[in-house]
Each structure stands twice: as structure tokens, then as C-alpha cells.
Amino acid sequence: MLRWSGKLPHHPARLGDLRGKVTGDGAFHTSPLPHESPLRTASRLAFPAIVLAAALWARLAPWSQVFGGDHPQIIGDSDPHYHVLRAERWLVGAPGAPWRDPALDWPRGADVPWPPLFDAILAGTARAIEGPIVERDDLVAVAAVLPVVFGLLFVALSAALGRRVLGPGHG
């Protein structure tokens, strides 16, 4: 017999493995949940897999525009261009990088108003893949792939969080 101590178990991930009820004497009785059949597991994972596949398709739809020529191209608005520029300046050790940009508010220069986490990940990933010398085309290629990876991770994280908050059968 297990008595409720008012404290969570040491392994909160195992909470889903137990089913319990409090009896009239205040004891908390538990019994293991029945294990899921393979068919049930497959059907439970099918919808998240379809959502991930749709997210991947949406992110890779412009792939031929980005990687179709001699050099990778940045498409869309100008934000990705600035991320590549900022990561490039960071890698070559430009003065003030990544916190100050001499071209913003020319001729005085200005502090960059957004944090450099994405640019740091971009620069670090390109350096890890390409070695100590990173060309601009390498940064552009990494800048094109990172949002795909982050987008898929976000979709998976959202599904896991939805399942955690809303319970089994959700997320």
C-alpha cells in the first residue's frame, strides 16, 4: 500500500505509467496502466508524423530556388541577408560584432537592437561544418537549412508540450 506523502515522485516522467485512486482510509492505491498495442501506438504517432511531413514540405518548397543555381541564394525579405552579414562579421572578428554595426545609422553606426543567438548558431554551425575558413556561400547554405531544422523542432516541441499539458490523445 502506498501512502501519499504530498511530494512528487522522483521520476515525474513515470507518472503516466500509473493509475491510482484514493480509498476511504486515505491510501493511494496504484496499478500499472495496460501497455499499448502496436496498432494503437502507430495510430497515435501517425498524425504527428503527418504534421511533421507537412511542415517539412512547406519549409522545403522553395529548395530549388535556393539551391538551384551555381551559388545558394537567399530568397524572401532582407532579414536572412543581414543574419548572414552579421555571422560573417562575427567570424572574421569585425570590430563591434555582433553588438554594433557601423553601417546602421551611417555614419555614426549603431547598436544592433536584437540579440545574436541565431547569428551565433549560424556562425558556429558553418564553422563546425566548413572548418576555420568559412565562405559567404557556406553561410548562405547553412542559413537556408537552419530554419528548416528549427521549424521541425518547433513543431515537435509544440506537439510534445500539447500532449504534456492537455494529456494523452492531444498534441
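Just so it is clear, none of the values below were taken in a lab; they were calculated from the coordinates. All of these numbers come straight from a predicted model, not from anything done at the bench. Every residue, glycine as well, gets a Cβ built from its backbone with ideal geometry; the counts of neighbours run over all protein chains shown.
What to note about this one:
- Number of residues in the range 81-109 that are part of a loop (DSSP other than H, G, I, E, B) and either touching a residue at least 12 places away in the same chain (Cβ under 8 Å) or touching a strand residue (DSSP E or B) at 6+ places or on another chain (Cβ under 6 Å) (or both) equals 5.
- Where a residue in the range 40-64 is in contact (Cβ under 8 Å) with a residue 24 or more places away in the chain and its partner, wherever it lies, is of a type in the set (Phe, Trp, Tyr), with Cβ under 6 Å and at least six apart: none
- The requirement of being part of a helix (DSSP H, G or I), closer than 22 Å to residue 61 by Cβ and among the small types (Gly, Ala, Ser) is not satisfied by residue 126.
- Flag for residue 55 being part of a loop (DSSP other than H, G, I, E, B) and surrounded by 11 or more Cβ atoms within 10 Å (Cβ to Cβ): no
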